Protein chains: 2
Amino acid sequence: MNAFEIAGLLAATLTTGSFVPQVLHTLQRRSADDISSLWLVLFGAGIALWFVYGLWLNSLPIILANAVTFLLLMVIAWIKFAPRPAVREIA
Amino acid sequence: MNAFEIAGLLAATLTTGSFVPQVLHTLQRRSADDISSLWLVLFGAGIALWFVYGLWLNSLPIILANAVTFLLLMVIAWIKFAPRPAVREIA
């Protein structure tokens with residue numbers, strides 16, 4: 001494995017792994033208002049297509065990286081789009 | 001070009017293009033508090049390495065998609081990390 005192949009593997013690890021702190025951040029804040037809905041939808045669709053492309057290439061790194069990224073994105077989408085429970089006033 | 005190659009090109013277009021609405025969203029809100037700093041740093045580093053990997057593969061789509069994504073990320077980082085002007089009180 002040469003330096004560039006290592007760069008590629010590290011790239012995949014970083015771009016996928018970066019979503020772990022993002023998901024923790026989103027779960028902690030219970031808010032994703034600063035994250036664009038259109039970004040979530042387009043990026044999610046793109047990641048799903050990268051997964052399909054990886055299946056065709058039979059590339060385990062592309063398949064795996066995009067499967068994990070997609071699952072992490074779903075957590076962000078859940079926080080962003082799930083209806084929030086109404087704040088109940090103390091009578 | 002077969003259906004899977006088209007899926008790959010569409011994937012690259014979507015994952016890169018998704019950052020256009022995100023940047024507009026961030027510029028409009030002037031806030032990126034819901035975006036994790038660690039996500040920005042790790043994802044940015046990953047995108048830079050994808051760019052290097054693309055140079056090695058001599059793959060124009062990988063080079064171009066990641067160069068554009070990196071520039072768009074820099075706008076988000078600028079909003080997130082630049083010091084905000086203090087709100088001046090009316091005397």
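What follows is calculated from the coordinates using simple rules that are stated; it is not laboratory data. These numbers come from a predicted model, not from an experiment. A quick note on method: Cβ atoms are made from the backbone with ideal geometry, for glycine too, and the neighbour counts reach across all protein chains shown.
Quick notes on this structure:
- Angle between chain B longest axis and helix B:19-29 axis [Cα atoms, degrees, rounded to 10]: 0
- Closest approach of a chain A Cβ to the axis relating A and B (residue, whole Å): A:Asp34, 2.
- Calculated from backbone phi, Karplus (6.51, -1.76, 1.60) coupling profile of segment A:34-48 in Hz, x at Gly/Pro: 7, 9, 5, 4, 5, 4, 4, 5, 5, 5, x, 5, x, 5, 4
- Residue-wise HN-Hα couplings along segment B:3-14, as the Karplus relation 6.51 cos²θ - 1.76 cosθ + 1.60 with θ = phi - 60° gives them from phi, are 4, 6, 5, 5, 4, x, 5, 5, 4, 4, 5, 5 Hz; Gly and Pro carry x.
- All C-alpha pair distances within chain A, sorted into 10 Å bins from zero, spread as 15, 39, 27, 12, 4, 2, 0 percent across the bins.
- Inter-chain Cβ neighbour average for residues B:4-14, partner chain, 10 Å: 6
- Here is the size of the protein assembly as shown from its Cα atoms: Rg then Dmax, 18.0, 68 Å.
- In segment A:36-79, the C-alpha radius of gyration followed by the widest Cα-Cα span (Dmax) gives 10.8, 33 angstrom.
- Partner chain coverage, peptide A:57-63 - average Cβ within 10 angstrom: 1
- Sequentially through segment B:66-78, phi angles give Karplus couplings (6.51, -1.76, 1.60; θ = phi - 60°) of 7, 5, 5, 4, 4, 4, 5, 4, 4, 5, 4, 5, 4 Hz, Gly and Pro residues having no value and appearing as x.
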